[in-house]
1. Residues of region 12-27 being in contact (Cβ under 8 Å) with a residue 24 or more places away in the chain and either in contact with a Ser or Thr (Cβ under 8 Å, 6 or more places away or on another chain) or buried (at least 20 other Cβ atoms within 10 Å of the Cβ) (or both), which ones?
2. Need pairs with beta-carbon distance below 8 Å; first residue closer than 16 Å to residue 89 by Cβ and within region 51-67, second among the basic types (Lys, Arg) and not in a loop (DSSP other than H, G, I, E, B); sequence gap 6+ or separate chains.
3. If we only count strands (runs of 3 or more DSSP E) wholly inside region 37-126, which ones have 2 or more residues that are over 11 Å from the mean Cα position of the chain (by Cα) and surrounded by fewer than 15 Cβ atoms within 10 Å (Cβ to Cβ)?
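Where a number appears in this text, it was derived from the coordinates with a stated rule and is not lab data. This is a predicted model, so every value here is computed, not measured. Using ideal geometry, Cβ is built from the backbone for each residue, glycine included, and neighbour counts are taken over all protein chains shown.
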Amino acid sequence: MSPTKPKVLVVDDENDILLIVRTSLKDDYEVSTACSGTDALAHIEDETPDLIILDMMMPEMDGIEVLERVRANDKTATTPVIFLTGVSERSKIREALDKGTQYYIVKPFKQQDLMNKVALALEQTGTTGG
């Protein structure tokens, strides 16, 4: 029986970002996408991801609010979260780190940097991909 791939949930309101990230990670991870915080939280209720990649600026609910809800949910309280966002203000980066994100990557980003951070975050939780 082949080992199952870690599940990664990518949350962004830009389809091109979802496509780029899914394409970057699909060989080593089972990638799901959500285009809003509301969709992400609904997805998490159905299937708990091993890692969440989250945009900061989205309609309805921003990434910080999604992160707070992820941390407040027993199923995802310790799930690694990586912010992948165009927001580069130090105060927002600090707030995200204080609220429990593992890494903060500013767009535009290097594909290899994202892949390295995903692998590192999952390694720290003992979940590894292909």
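1. Going residue by residue through region 12-27, those that are in contact (Cβ under 8 Å) with a residue 24 or more places away in the chain are 12-14, 17, 20-21, 24-25, 27.
Result: 12, 13, 17, 21, 25.
2. 56/92; 64/92
3. On the way: elements: 51-54, 81-85, 103-106.
Passing ranges: none, list empty.
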